[in-house]
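First up is the structure itself, then whatever we jot down about it.
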2 protein chains.
Amino acid sequence: MPVTIKDVARAAGVSASTVSRALASPDLVRADTRLRVRQAVAALGYHPNRAARGLITGRTGNLGLLVPDLANPFFPGVVKGVQARAREFDYAVFLADTDEDPAAEAGLVRNLSKQVDGIVLCSPRMSEDEVRALTGDTPIVLLNRRVGRVPSVTVNSVGGLRHAVGHLSALGHRRVAYVPGPKASWSNRERLRALRQVTAAAGVDLVETGNAVPNFAGGVAAADQVLATGATAVFGYNDLVAIGMLSRFAARGVAVPGRISVVGFDDIVLSEMVSPALTTLAQPKEQTGRAGVDLLLQLLEDPAHPIRRRELESHLMVRDSTGPAAA
Amino acid sequence: MPVTIKDVARAAGVSASTVSRALASPDLVRADTRLRVRQAVAALGYHPNRAARGLITGRTGNLGLLVPDLANPFFPGVVKGVQARAREFDYAVFLADTDEDPAAEAGLVRNLSKQVDGIVLCSPRMSEDEVRALTGDTPIVLLNRRVGRVPSVTVNSVGGLRHAVGHLSALGHRRVAYVPGPKASWSNRERLRALRQVTAAAGVDLVETGNAVPNFAGGVAAADQVLATGATAVFGYNDLVAIGMLSRFAARGVAVPGRISVVGFDDIVLSEMVSPALTTLAQPKEQTGRAGVDLLLQLLEDPAHPIRRRELESHLMVRDSTGPAAA
DNA sequence: CAAGATTCTGAAAAGGTTTGCAAACTCGAC
DNA sequence: GTCGAGTTTGCAAACCTTTTCAGAATCTTG
């Protein structure tokens, strides 16, 4: 029933080899045969069978994408970016959601690896050693994480944070708090590092609370602790945490930004929907996804000379959750 | 480099055919050979090449999934469900995001169709005729939409809405508004139909506003119109719209639920994060995804006797955005 | 117009698996 | 010990494509 290369060959009065060549390396066949083949292809609606092609070329034309949790509004943005860029290059993408389970990650990668040419690993939770082990088997690029010389795209928080701290400092804040996410999170370490550097440079005190679970509930739980530090402004590990704090502050009647200013990271859709709308450091999510595909394709193209790193910039979105420091 | 069925055959001292059979139809090979094969497979870490298998069986072991917009927090839930269920049956899933573009949908389906055994179409925006045309080429199941005899899983709003209207009625509401979503949306028509039926039965007046764009901004835009209807409670087409209204009400100083109660549909993550937390009709998102896979697999198994329909129930989540009717 | 160089095309092999068919074996019964 | 039925196994074809290699066609040049 499905139309094969032989059908096209017959229709065009040439051999299967010629059809293959006419499509893959057009300059190898004479112009008029090429035309006849093209017409036959169009007339019959022929599409090469990818399985058969994959069998011989060893390439699948597929990419794998692993994300920790699609329900976390940060990741869909990345997925869309990967998606879109992959499509431009005629790759399809296999998506897998690991449900935040580090143990599941390696297994899924190994599963996927048979069916794809390479894998984009977004914010993997597994250990460095596991990541390294995986890169032996399959071309892999990392998003939002850096381990050794594995190609990665990360976002540099320093620039955006300098803005943010400058913004707060100009509003009179002298003491800001940071509610860290999971210790194991690379992003968390990175954000903390950048925050220390930037606050020190700006002459602003930085205090840290205990690590929060990186979701709404984690923010709710951290809010009271933040108040106790005496800080007049607080950075949450991500928007979810920041919004959790917002909620708790509202419940306790703590004015935002009157008593305390709140800043998040990521700029997820929610951030402009809550009230007060959240000031946040926007991560270039789609761009991260797209860059990941670019790096992966480059890695496949020329495994000897991969692009090792791409660093994107975050930028500050000022909304309503930041204001002058309380006197 | 990769280990093939022949390597296993050699290691186990049997032919390739026997290896194949030992794995696919174990009861066709003698117990001890089966064991030897199994051991060889384990020792060598053999996994059948799916492309080669697909070439001969005509099956890919892949499923396709199309969603209108991953950034809409409703869909990730569905994706997770599809994902999880597919994995249980050893299917991998190709995900494509159509960016709410009805024109892109058909093209994507046709693209995907070569690489998958069947496709789950979630809330497709295309016309009925287009859907029907597609089902000729590829096994397809529909989520949140019904067209003709195409297998579909939908959720029945009536039960949940009876609860919701009962809830409001008990609180003294006599006049409720509905902010409809896009005219072309099947869910919208369905929700409206159910709402009419249920309000009529409960002796509650129903008024409708103009159609809203089904996102936050659409809700913001509809809010004032709702107030003008004199209703003391309002149903938004979905949570996003409802939350948009919440935001606009807050900006105008309209008390929720003091002056007006607000109810959404879907129960997306945001709904419990906004304040007041949103009362909403929860859709079984993951279950919808899982059921979709079940129907698709059944359709593949036995195309002559597909399950035509699966209807799930929504249920009311009462939170803080509903209260006694204003006097 | 012949010879050589070049361009274009076809035959055949290869890629890894499944499966129809036939050969080989096992076992019980006579 | 032989026959037959039933079980277990291997051979070879088939799935569809790409690619190597060599042969055919065309062109160039003397």
- Query: From the set of residues in segment B:42-58 that are more than 7 Å from DNA strand C (Cβ to nearest atom) and among the small types (Gly, Ala, Ser), which is farthest from the other protein chains (Cβ to nearest Cβ)?
  - Reply: B:ALA43
- Query: farther than 24 Å from B:GLY58 by Cα, part of a strand (DSSP E or B), within 14 Å of another protein chain (Cβ to nearest Cβ) and not β-branched (Val, Ile, Thr), is that true of A:LEU65?
  - Reply: yes
- Please tell me if B:SER247 is more than 22 Å from B:ASN156 (Cβ to Cβ), within 14 Å of chain A (Cβ to nearest Cβ) and not in a loop (DSSP other than H, G, I, E, B). yes
- List, please: which pairs have Cβ atoms under 6 Å, are six or more places apart or on different chains, and start with a residue in segment B:46-74 that is charged (D, E, K, R) and end with one that is within 16 Å of DNA strand D (Cβ to nearest atom)? B:ARG50/B:GLY61; B:ARG59/B:ASP117
- Task: Give me a count of the residues in segment B:27-58 that are surrounded by fewer than 17 Cβ atoms within 10 Å (Cβ to Cβ), more than 12 Å from DNA strand D (Cβ to nearest atom) and farther than 14 Å from A:LYS114 by Cβ.
- Result: 5
- Query: Quick one: how many residues across segment B:73-120 are closer than 19 Å to B:VAL293 by Cβ, among the basic types (Lys, Arg) and modelled with pLDDT under 90?
  - Reply: 0
- Message: Please go through segment B:68-98 and give me each residue that is among the aromatic types (Phe, Trp, Tyr), more than 7 Å from every other protein chain (Cβ to nearest Cβ) and outside any helix (DSSP H, G or I), ordered by number.
- Response: B:PHE89, B:TYR91
- Only one of these conditions is not met by B:LEU299: (1) more than 14 Å from chain A (Cβ to nearest Cβ); (2) buried (at least 24 other Cβ atoms within 10 Å of the Cβ). Which number is it? (2)
- Task: Please enumerate the residues belonging to segment A:1-26 that are more than 8 Å from DNA strand D (Cβ to nearest atom) and within 12 Å of A:GLN39 (Cα to Cα).
- Result: A:ALA9, A:ALA11, A:ALA12, A:GLY13, A:ALA22
- Message: Step by step: first the residues of segment A:1-11, then only those that are surrounded by 13 or more Cβ atoms within 10 Å (Cβ to Cβ) and more than 14 Å from every other protein chain (Cβ to nearest Cβ), then the one that is farthest from DNA strand C (Cβ to nearest atom). Which residue is that?
- Response: A:ASP7
- Selection count where residues are surrounded by fewer than 20 Cβ atoms within 10 Å (Cβ to Cβ) and in a loop (DSSP other than H, G, I, E, B), scope segment A:126-138: 2
- Message: Just the residues that are in contact with a Lys or Arg (Cβ under 6 Å, 6 or more places away or on another chain) and in a strand (DSSP E or B), please, taken from segment B:139-153.
- Response: B:SER152, B:VAL153
- Item | Criterion (assigned to a loop (DSSP other than H, G, I, E, B), surrounded by 14 or more Cβ atoms within 10 Å (Cβ to Cβ), more than 13 Å from chain B (Cβ to nearest Cβ) and modelled with pLDDT of 90 or more) met by exactly one of A:VAL19, A:VAL14 | A:VAL14
- Before we move on, is B:GLN115 at the interface with another protein chain (Cβ under 7 Å from one of its Cβ atoms), surrounded by 17 or more Cβ atoms within 10 Å (Cβ to Cβ) and part of a loop (DSSP other than H, G, I, E, B)? yes
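The values are calculated or read from the model by the stated rules, or taken from the named source; none is laboratory data. Being a predicted model, the structure only gives us computed values, none of them experimental. When we count neighbours, we look across all protein chains shown, and the Cβ atoms used for this are built from the backbone with ideal geometry, even at glycine.
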